[in-house]
Amino acid sequence: MHRQLVPEDITDLAAARWGTARDPRVADVMQALVRHLHDFAREVRLTEYEWAAGMRWLVRAGQISTDKRDEFILASDVLGLSMLVVELNHRFDQRATPATVLGPFHIDGSPQLRYGSDMADGVPGVPLYITGTVRDLDGEPVAGALLDVWQADAEGAYEAQLEVAEARLRAKYTATAEGAYCVRTIAPIGYTIPMDGPVGELISRTEISHYRPAHIHFRLDAPGYAPLVTHLFREGAPYLDSDVVFGAKAELVVEFRPREPGPTPDGGACGVPWLLANHDFVLQPIS
Ligand code: BEZ
Ligand code: FE
């Protein structure tokens with residue numbers, strides 16, 4: 001004789017089945033996932049129509065994804081899940097530079113450039129120098145950190161979104177023995193996340209702004225320190241208080257100070273007005 005199944009039994013039964021996973025971590029994660037999914041369905045009293053719409057949405061997210069576009073990661077970004085996971089996994093000291101999302105536009109293997117070399121290399125825009133020192137928690141310089149830098153152009157497009165043969169607006173710089181770095185590039189602008197897929201469709205049904213404030217991405221690596229994935233944001237930029245992926249943090253906002261044509265921080269010169277941003281990155285030691 002079969003026992004009558006009531007909704008609570010379905011949840012317990014499904015969780016118990018997934019709890020048989022041989023890897024204990026998989027068992028824990030899957031049991032929690034089952035319980036939270038079931039609670040969600042109960043809380044909103046999910047209809048069959050809504051369930052089917054959700055399934056179709058997931059299928060379309062898969063169909064629009066390519067090796068250069070991941071609609072599921074974008075969904076995670078706009079739901080705040082990506083930033084939450086970053087925060088759960090990078091509980092740095094208060095003095096350390098905070099981590100943010102990597103985003104979908106990082107490309108491995110950027111060219112290595114010298115101190116102050118131009119990673120824009122002819123891409124139109126207002127010249128921008130970013131300088132500073134890589135430091136430890138006590139403020140002491142960290143020698144020789146590797147800075148992997150990437151950004152959108154003055155139209156808001158990343159290399160990964162364009163058909164280009166050469167590296168564009170991305171480079172690696174090595175900090176000096178005194179921890180100093182100098183990036184030459186162009187000023188980025190704010191841009192919209194891709195809106196032509198299922199994530200965009202959902203966002204269009206809300207009052208959510210689909211823009212990110214103007215920023216430059218950094219990944220810093222130095223032996224003995226936790227890798228740091230972060231951004232620098234332009235002070236005063238639109239959308240700083242409504243970043244669609246929740247990445248903007250006060251500690252990462254820097255002034256882009258206008259400079260007249262003349263000498264630049266790398267010992268060279270710029271023939272047109274340019275911008276100067278200064279920021280010291282503080283790395284978290286690996287304990
Ligand atoms: C980015 O900053 O490049 C980015 C991050 C998350 C979603 C879309 C873009
Ligand atoms: Fe970005």
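Okay, residues lined up against (1) modelled with pLDDT of 95 or more; (2) farther than 17 Å from Thr97 by Cβ:
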position: Asp121; (1), (2): no, yes
position: Leu137; (1), (2): yes, no
position: Ala154; (1), (2): no, yes
position: Glu159; (1), (2): no, yes
position: Ala165; (1), (2): no, yes
position: Lys172; (1), (2): yes, yes
position: Thr176; (1), (2): yes, yes
position: Arg184; (1), (2): yes, yes
Where the second residue is of a type in the set (S, T, N, Q) and part of a loop (DSSP other than H, G, I, E, B) and the first is within 20 Å of Phe233 (Cα to Cα) and lies in segment 117-143, which pairs have Cβ atoms under 8 Å and are six or more apart or on separate chains? Tyr129/Thr264
Could you check Val199 against (1) in a loop (DSSP other than H, G, I, E, B); (2) within 12 Å of ligand 1 (Cβ to nearest atom) and say which number it fails? (1)
On the basis of being surrounded by fewer than 19 Cβ atoms within 10 Å (Cβ to Cβ), closer than 16 Å to Met83 by Cα and either more than 16 Å from ligand 1 (Cβ to nearest atom) or more than 20 Å from the chain's Cα centre (by Cα) (or both), does Glu251 make the cut? yes
For residues that are touching a strand residue (DSSP E or B) at 6+ places or on another chain (Cβ under 9 Å) and either basic (Lys, Arg) or outside any strand (DSSP E or B) (or both), tally how many sit in segment 210-231. 9
Inspect segment 155-163 for any residue being within 16 Å of Leu220 (Cβ to Cβ), within 16 Å of ligand 2 (Cβ to nearest atom) and open to solvent by less than 40 Å² (accessible area, probe 1.4 Å) and give the result as yes or no. no
Where a residue in segment 160-178 is free of Cβ contacts under 8 Å to residues at least 60 places away in the same chain and its partner, wherever it lies, is not in a loop (DSSP other than H, G, I, E, B), with Cβ under 7 Å and at least six apart: Arg168/Glu159; Leu169/Trp150; Leu169/Glu159; Leu169/Thr185; Ala175/Val134; Ala175/Leu147; Ala175/Tyr181; Glu178/Pro141
Cβ-Cβ distance below 6 Å, separation of 6 or more or different chains: which pairs start in segment 57-69 with a residue that is closer than 12 Å to Val199 by Cα and end on one that is open to solvent by less than 50 Å² (accessible area, probe 1.4 Å) and not in a helix (DSSP H, G or I)? Ile64/Gly197
Identify the single condition in (1) of a type in the set (A, V, I, L, M, F, W, C); (2) in contact with a Gly (Cβ under 8 Å, 6 or more places away or on another chain); (3) part of a loop (DSSP other than H, G, I, E, B) that Val134 does not satisfy, given that it satisfies every other one. (3)
Residue among Arg135, Arg168 that is of a type in the set (Lys, Arg) and within 27 Å of Pro273 (Cβ to Cβ): Arg168
Given the conditions (1) of a type in the set (D, E, K, R); (2) open to solvent by 80 Å² or more (accessible area, probe 1.4 Å); (3) in a loop (DSSP other than H, G, I, E, B); (4) assigned by TED's automatic domain parsing to the domain that holds Leu276, report the number of the one that Asp67 does not fulfil. (4)
Conditions first: (1) among the hydroxyl-bearing types (Ser, Thr, Tyr); (2) more than 16 Å from ligand 2 (Cβ to nearest atom); (3) buried (at least 18 other Cβ atoms within 10 Å of the Cβ). Ser76 passes all but one, so which condition is the exception? (2)
Can you find even one residue in segment 249-262 that is more than 30 Å from Leu74 (Cα to Cα), touching a Phe, Trp or Tyr at 6+ places or on another chain (Cβ under 6 Å) and not in a helix (DSSP H, G or I)? yes
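The values are calculated or read from the model by the stated rules, or taken from the named source; none is laboratory data. Predicted, not measured: the structure shown is a model, and the values here were computed from it. A quick note on method: Cβ atoms are made from the backbone with ideal geometry, for glycine too, and the neighbour counts reach across all protein chains shown. With ligands, DNA and RNA removed, areas are computed over all heavy atoms of the protein, side chains included. Shrake-Rupley method; radii C 1.70, N 1.55, O 1.52, S 1.80 Å.
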